[in-house]
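**Q** One structure follows; several queries about it will come next.
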2 protein chains.
Amino acid sequence: MIESLRDIRLFVAAYEARSFTAAAERENATQSGVSQHIRKIEDRFGVRLFARSGGAVSPTPAGDSYYRACIEVLRVNEAANRAVMSYGTGLDGEMVVGLMPTMTRSVLAPALATFVAAHPNVVVRIVESFSGPLTQQVQAGDLDFAIVPLTAGTIGLRSRRFARTPEVLVADAARGLPHMMPLRLADLGPLKIVVPSRQNARRAHLEGYFAANGVQVERLLELDAMLGALDFVARTDFVAVVPGLMMATDAALPAPRRLTIHPLADPPLAIDLVLIEPARRTLSPAAAAFLSVLEQEAHAHDAVWPVLEQPAA
Amino acid sequence: MIESLRDIRLFVAAYEARSFTAAAERENATQSGVSQHIRKIEDRFGVRLFARSGGAVSPTPAGDSYYRACIEVLRVNEAANRAVMSYGTGLDGEMVVGLMPTMTRSVLAPALATFVAAHPNVVVRIVESFSGPLTQQVQAGDLDFAIVPLTAGTIGLRSRRFARTPEVLVADAARGLPHMMPLRLADLGPLKIVVPSRQNARRAHLEGYFAANGVQVERLLELDAMLGALDFVARTDFVAVVPGLMMATDAALPAPRRLTIHPLADPPLAIDLVLIEPARRTLSPAAAAFLSVLEQEAHAHDAVWPVLEQPAA
DNA sequence: TCATCGGCATCAGGATTCATGATTGCGCCC
DNA sequence: GGGCGCAATCATGAATCCTGATGCCGATGA
């Protein structure tokens, strides 16, 4: 009875999916096969890795421990493969990255331009979506990494801080608010405001901020289409609160402008963006290179905003 | 074409032996098999790992690099195996136990430490609550067992005596009362005293004791948060009466101390703790083992208190 | 309380992979 | 040039892996 990396991969998939069936689907296998592999491991060690209680499987402490060790094995193994593969070719291959709309509006374009110029052989695919779907896709291994708002940790993901950016108010320029001047929302009187739907992690942050700081809301409009929201703001007396990073290029634009931008003040509000990647893998060289460009681009605009002393809400 | 740990082992052996034949011998394989495995790796990566020049094989730079990465993989993999094998002993399953705060403060921690070391496979869940909710949860079958103060029997429960512990007075050390010296409450003059709410079964015991023994109460403060109560006592001239078991570790603590502890004397007052479990079930092996550890730990501190001749009130 | 359903375990078969021993090819030394 | 040592190759039998079907259990909902 020989242990194989297949065993480990299937176990890791089962652990992360909390389901043999889902794991099989992810790893191009069958439920039966997954079941047999895991039983094989359990027999070899004489330890139960999952508690089967009819409907669902849940890891035992031994399973938890083995999982932590296994993702290490997979990561190191991947590093081994990369080490030898680098003797064959330079930077190429395919890379799939998930980004939330905040990233795609201002940061993506210049980062992409830089990257494709430097690495013409890399096939780049960008997926734009919201945090929920992106998280799932990273978990499933469909994405090399994703940038999403900070949320509670999820099984099978490694995450690290990517950037912090202030939330800013966006208003129709016809209102005459001085561009880039920090504002207290409560001073603006009852607001007609565009917010994302509850699926979006930012919604809760915003509502908490409104409630805690006496912001009067006249009308709430749910709109998950960010670009549409900005266009809507430019044509009506609605305003929107969006991550500053999203407006980075607009902020520096000279007059005349359709929209004015205003960091929230008293207190400021910021949002943390995190990088998530599958815990069992390491970033491919191409993905790592792109991430570095993306990060550099995201921080290029830091200086236009007031310093954020306070941690994010 | 799936990569396997066998590939890696054979490659490592070949690298170290500088010979396929010797490697085969070391790994209980044949020269042919080693040759095929290594060719498989080379094909997969499109890189040559060994230079074959008739008589002997010598690693290429790619082979050197892969070797260094591979021994890392083998090391990490072995660590994974060791991690899970240490779980080979003891019981398994899940166990949910309800404890009153009296138990969680001094007894729980050492008992838990002993238990998880002996039974790493058991998923332990501890619920801290008061007698009412705990009794309900045992009745509902949500808990394997609970430790609660002695009360009237409830249908659907089996109970047995778990421990008897004296009630003790706890006072701010600044009062200068000699630590561990038994006291008559009535001798202390009018008391400012912290007591649990009426939901707590001990409240009635205490009030009965006060009335029967001429204890003068200047102020009563209801506080169900046990830890908070102790902290409050340490900062004010209030005192509290709590089960001795709760203060077991504090009792043995050397000076300097924030609190002094005093068994109630003339007459002593004790409280009985009982084990309750669903009458329709028997204790799971894990629960029984944990109970035994808990009981042992609870009795480990018996000697620090005066002998209780009298039955509890 | 019963029927239904989702999900895992088990089983037998067929496909695939793996290991083996024999044989061949290559370079070296005598 | 003929042994000699070692790796490559090949065909075959063994072990394994994967699959689809089926059974079983607990959860869910009427």
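**Q** Using just the alpha carbons, could you tell me how many Å³ per residue the convex hull of segment B:83-232 encloses? If you can, show how the numbers build up before the last one.
**A** On the way: hull volume 23.0 nm³, N = 150.
Residue-normalised Cα hull volume stands at 153 Å³.
**Q** Taking a cut-off of 15 Å between Cα atoms, list the aspartates and glutamates near B:Lys40, but don't count ones fewer than 8 places away on the same chain.
**A** Qualifying aspartates and glutamates at Cα under 15 Å: B:Glu3, B:Asp7.
**Q** Counting only other chains, and only Cβ atoms inside 10 Å, what mean value do you get across the residues of B:69-78? Could you put the intermediate results ahead of the total?
**A** Working: counts 9, 5, 1, 7, 11, 3, 2, 8, 10, 2.
Taking all residues of B:69-78 together, the mean is 6.
**Q** To the nearest 20 Debye, how big is the dipole of the protein assembly as shown about its Cα centre, given +1 on the beta carbon of each Lys and Arg and -1 on that of each Asp and Glu? Could you put the intermediate results ahead of the total?
**A** On the way: 60 positive and 64 negative charges, 169 e Å.
Using only the charged Cβ atoms, the result is roughly 800 debye.
**Q** FRET efficiency for A:Arg203 and A:Ser32, Cβ-Cβ distance as r, R0 = 41 Å, nearest 0.05?
**A** Working from the Cβ atoms, E equals 0.45.
**Q** Tell me, what HN-Hα J-couplings in whole Hz come from the Karplus equation 6.51 cos²θ - 1.76 cosθ + 1.60 at θ = phi - 60° for each residue of segment B:89-104, using x for Gly and Pro?
**A** Per residue, the Karplus-derived 3J(HN,Hα) values read 9, x, 7, 9, x, 10, 9, 10, 10, x, 10, 7, x, 3, 7, 6 Hz.
**Q** Separation of segment B:1-26 and segment B:158-192 by C-alpha centroid, Å?
**A** Cα centres, segment B:1-26 to segment B:158-192: 72 Å.
**Q** What net charge do the residues around B:Pro243 carry, taking every other residue with its C-beta under 14 Å from that of B:Pro243, with Lys and Arg at +1 and Asp and Glu at -1? Walk me through the numbers on the way to the answer.
**A** Numbers: positive: B:Arg105, B:Arg164, B:Arg202, B:Arg203; negative: B:Glu167, B:Asp250, B:Asp272, B:Asp302.
Net local charge, B:Pro243 excluded: 0.
**Q** Across the residues of A:57-64, average count of Cβ atoms on other protein chains within 10 Å? Display every interim value, and only then the final one.
**A** Numbers: counts 0, 2, 1, 9, 9, 9, 3, 4.
Per residue, the average neighbour count from other chains is 5.
**Q** Please list, in chain and number order, the residues 5+ apart from A:Leu269 or on another chain whose amide H is under 5 Å from its amide H, with Hs placed from the backbone.
**A** Those qualifying (amide H under 5 Å, at least 5 residues apart or on another chain) are A:Glu167, A:Leu264.
**Q** Name the residues of segment B:260-295 whose amide N is less than 13 Å from a point 7 angstrom out from the Cα of B:Thr114 along the C-beta direction?
**A** B:289-295
**Q** With only alpha-carbon atoms counted, please give the Rg and Dmax of chain A, in Å.
**A** Over chain A's Cα set, Rg and Dmax evaluate to 23.1, 76 Å.
**Q** Pairwise over distinct Cα atoms, reciprocal of the mean inverse distance: report the Kirkwood radius of the protein assembly as shown in Å, one decimal place. Can you show the working numbers first?
**A** Numbers: mean 1/r = 0.0328 Å⁻¹.
This gives a value of 30.5 Å.
**Q** Between copies, how close do the B:Val127 label points come, placed 7 Å along Cα→Cβ, listed in nm from shortest?
**A** 4.0
**Q** Using the reciprocal of the averaged 1/r over all distinct C-alpha pairs, how large is the Kirkwood radius of segment A:104-151 in Å?
**A** Details: mean 1/r = 0.0827 Å⁻¹.
By the Kirkwood definition, the hydrodynamic radius is 12.1 Å.
**Q** Also: What is the spread of the Cα atoms of segment B:7-102 along each of their three principal axes, largest first, in whole Å?
**A** That works out to 78, 25, 20 Å along the principal axes.
**Q** If one takes the longest principal axis of the Cα atoms in chain B, at what angle in degrees, from 0 to 90 and to the nearest 10, does the Cα axis of helix B:226-235 lie?
**A** 60 degrees
**Q** Related question: With a ≥ b ≥ c the root eigenvalues of the C-alpha gyration tensor of segment B:159-236, is it rounded (a/c under 1.5), prolate (a/b larger than b/c) or oblate? Before the final figure, lay out the partial values.
**A** On the way: a/c = 1.34, a/b = 1.28, b/c = 1.05.
Rounded is the answer for segment B:159-236, as its axis ratio a/c remains below 1.5.
**Q** To one decimal in nm, how far is A:Pro182 from the same spot in the other copies, if labels go 7 Å from Cα toward Cβ? Please give the shortest first.
**A** Computed spacing set for this position: 6.7 nm.
**Q** By what distance, in whole Å, do the Cα atoms of segment A:172-313 stretch along each of the three principal axes, largest value first?
**A** Result for segment A:172-313: principal-axis Cα extents of 50, 34, 31 Å.
**Q** Please report the antiparallel percentage of the DSSP beta bridges confined to the protein assembly as shown, to the nearest 5. It would help to have the intermediate numbers written out before the result.
**A** Working: 52 of 89 bridges.
Within the protein assembly as shown, antiparallel bridges account for around 60 percent of the total.
**Q** In what order do B:Leu191, B:Leu49 fall by count of nearby beta-carbon atoms within 10 Å, going from fewest to most?
**A** Arranged by neighbour count, lowest to highest, B:Leu191, B:Leu49 become B:Leu191, B:Leu49.
**Q** While we're on this one: Applying 1/(1 + (r/R0)^6) with R0 = 41 Å to the Cβ-Cβ distance of B:Leu220 and A:Ala51, what FRET efficiency is obtained, to the nearest 0.05? Let's see the in-between values first.
**A** Numbers: r = 48 Å, r/R0 = 1.17.
With R0 = 41 Å, the Cβ-Cβ based efficiency is 0.30.
**Q** Express in % the proportion of alpha carbon pairs of segment A:187-227 at distances exceeding 13 Å.
**A** Numbers: 444 of 820 pairs.
Tail of P(r) above 13 Å: 54 percent of Cα pairs.
**Q** Taking the Cα centre of each part, how many Å lie between segment B:113-151 and segment B:275-290?
**A** So the separation of the two Cα centres works out to 10 Å.
**Q** Taking loop as defined by DSSP and a crowding limit of 15 other beta carbons within 10 Å, which trypsin sites (Lys or Arg not before Pro) in segment B:146-240 fit?
**A** Passing both the DSSP loop test and the Cβ count: B:Arg184, B:Arg198.
**Q** Between B:Arg68 and B:Arg44, take the C-beta separation as r, use R0 = 25 Å, and let me know the FRET efficiency to the nearest 0.05.
**A** Values: r = 18 Å, r/R0 = 0.73.
For B:Arg68 and B:Arg44, the calculated efficiency is 0.85.
**Q** So what's the Cα pair-distance distribution over segment A:158-198, bin width 5 Å, in %?
**A** In order of increasing distance, the bins hold 5, 13, 23, 22, 14, 10, 6, 5, 2 percent.
**Q** With axes computed from alpha carbons, what is the tilt in degrees of helix A:108-118 against the longest principal axis of chain A, rounded to the nearest 10 within 0 to 90?
**A** 50 degrees
**Q** Any idea what the B:Ala152 label distances to the other copies are, label 7 Å down the Cα→Cβ vector, nm, shortest first?
**A** Relative to the other copies, B:Ala152 has label-point distances of 4.1 nm.
**Q** Under a point spin-label approximation (7 Å from Cα along Cα-to-Cβ), what is the B:Asn213-B:Ile126 distance to one decimal in nm?
**A** 2.9 nm
**Q** If you count, for every residue in B:89-97, the Cβ atoms of partner chains within 10 Å of its Cβ, what is the mean? Walk me through the intermediate numbers first.
**A** Numbers: counts 2, 0, 0, 6, 3, 4, 0, 0, 0.
Going residue by residue through B:89-97 and averaging, the value is 2.
**Q** Here is a further query. Looking only at segment B:1-132, where both bridge partners belong to it, what percent of the DSSP beta bridges are antiparallel (to the nearest 5)?
**A** Values: 4 of 12 bridges.
Within segment B:1-132, antiparallel bridges account for around 35 percent of the total.
**Q** Now a separate question. Just to confirm the number: angle between the C-alpha axis of helix B:61-85 and the first principal axis of chain B, 0 to 90 degrees, nearest 10?
**A** Computed tilt is about 30 degrees.
No lab work stands behind these numbers, since they all come straight from the coordinates. Predicted model only: the values in this text are computed from it and were never measured. Backbone-built Cβ (ideal geometry, glycine too); neighbour counts: all protein chains shown.
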